[in-house]
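Structure record follows, encoded as structure tokens.
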Amino acid sequence: MIVENVQSKGPIGLAYYYFDILDVKKRTVEGLLSSLALRLYTCNPSNHTAVDQLYRNCKDGVDKPSGQQLEDLLKQLISGFKETYIVIDALDECKELQELLKLLKRIHGWQIGQCHLLVTSRKEQVIVKSLEHVAPKEIDLSLMPVEVDNDIKKYIDEVLEESEGLNSLDSELKKEIKELLKAKANGMFRWVACQIDALECCANSPAALKGTLEMLPEDLETTYDQILGRIHQTNQMRAVKLLYWLVFAIEPLDIEELAIVVQIDVEKNGLDVKEKLGSPTDILKICSSLVALSEDGTVKLAHASVKEYFLKEPRKIGTRTI
């Protein structure tokens, strides 16, 4: 909505970037700079002098531009507009957070033209403290419940329409689902997404759907408790292994690598072939709603709150603990 509003103002510089937890390439400062520069260039292709110069400096595209070169390019592109709007979403998902915060301070210090910078993030102290002297205005969405609730209602309507299983339900049951989700969301998009996942799993059984609706959890922690409780006994040990590796992984893990993880037998110091998955994508079924597959083939925890949930205290999956 913000981007659409800015676009309606006419020929100005506009660049948007989202630090996507599911795409490691989109969680770096270099990825941010490259994307912002490209988007600003496409807003005004006639302003190509700086881009052409960088291309030549990089041996006609043979060499990769450095971070400083990309930063200099961004500055020059912004200077080419009377007014520029930059929106950066989910700062807290950047894996180079300190470097990113320093960059934002430098951009603020450029003071060139009318450059408007909007950033969004969860309210983490390191971010709040770093930007307190940079951001002239802070908007706390938790203090805007009406606006957030309206967005959640729109999200629920759209997702239910797109869901093949839930969209085919009779109108009264769909109405009940919408009303319950809207009433209990309490400002949490993530909570809604998890409940819809659970409802889709039993969309072919009205009785099971009713039961799931009657037991909607009050918060994310209880939601994750329920998800763990639904893991079938035959997959509980697999889930423990997978989630343990994902919670504590330093680098993203390929789905093929994780498929081998479930076969690891520590006691025998080898692989248990009986634990081999029919397909690596079975991982997504075993840990439904807790993990997600990225475009680059790596598997990650589906949301930052999932990692927080497991790090907060030991969790039970059947008789096993992670």
A student applying the Cα gyration tensor rule (rounded when a/c is under 1.5; otherwise prolate if a/b is larger than b/c, oblate if not) would label the range 1-120 oblate
Taking a ≥ b ≥ c as the square roots of the eigenvalues of the Cα gyration tensor of the range 104-156, is the shape rounded (a/c under 1.5), prolate (a/b larger than b/c) or oblate? prolate
So which trypsin sites (Lys or Arg not before Pro) in the range 112-180 end up in coil per DSSP with only 15 or fewer other C-beta atoms within 10 Å? ARG122, LYS123, LYS137
Given an 8 Å cut-off on Cα distances and at least 6 residues of separation, report the relative contact order of the range 143-216 as a percent. 33 percent
Counting DSSP beta bridges with both partners in the chain, what percentage is antiparallel, nearest 5? 45 percent
What is the extension gain from HIS133 to LEU118, computed as 0.36 nm multiplied by their sequence separation minus the C-alpha to C-alpha distance, in nm to one decimal? 3.9 nm
Quick one: plug the Kirkwood hydrodynamic radius of the range 230-321 (C-alpha pairs) into Stokes-Einstein at 4 °C, 1.567 mPa s, and report D in µm²/s. 96 µm²/s
Among all stretches of the chain without exposed GluC sites (Glu not before Pro) (DSSP loop, at most 11 other Cβ atoms within 10 Å), which one is longest? 1-131
Contour minus end-to-end for LYS312 and GLU267, with contour as 0.36 nm per residue of separation and end-to-end as the Cα-Cα distance? 13.4 nm
State, to one decimal in nm², a quarter of the convex hull surface area for the C-alpha atoms of the chain, i.e. the direction-averaged projected area. 20.8 nm²
Kindly provide the helix-only [θ] at 222 nm of the chain, computed as the sum of -39,500 (n - 2.57) over DSSP H runs of four or more divided by all residues, to the nearest 500 deg cm²/dmol? -15500 deg cm²/dmol
Here the membrane-span-like helices of the chain, with no claim about any membrane, defined by DSSP H, Cα axial extent at least 15 Å and mean Kyte-Doolittle at least 0.0, are 29-43, 189-201, 236-248
Using a basic spin-label model with each label point 7 Å from the Cα along Cα→Cβ, how many nm lie between ALA304 and ALA207? 4.3 nm
Cβ-Cβ cut-off under 15 Å around LYS129, Lys and Arg +1, Asp and Glu -1: the net charge is 0
Normalised contact order of the chain, rounded percent, pairs of Cα under 8 Å and 6 or more residues apart: 14 percent
Of the peptides 55-68, 227-240, 103-116, how do they stack up when ordered by the mean number of other Cβ atoms within 10 Å, highest first? 227-240, 103-116, 55-68
According to a simple spin-label model (label point 7 Å from Cα along Cα-to-Cβ), what is the distance in nm between THR281 and ASP157? 3.2 nm
Excluding GLU221 itself, calculate the net charge of residues whose Cβ lies under 11 Å from the Cβ of GLU221, where each Lys or Arg counts +1 and each Asp or Glu counts -1. -3
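Laboratory data are not the source of any read-out in this text; all were calculated from the coordinates shown. Source: prediction; values computed, not measured. Note that each Cβ is placed from the backbone with ideal geometry, even for glycine, and that neighbours are counted across all protein chains shown.
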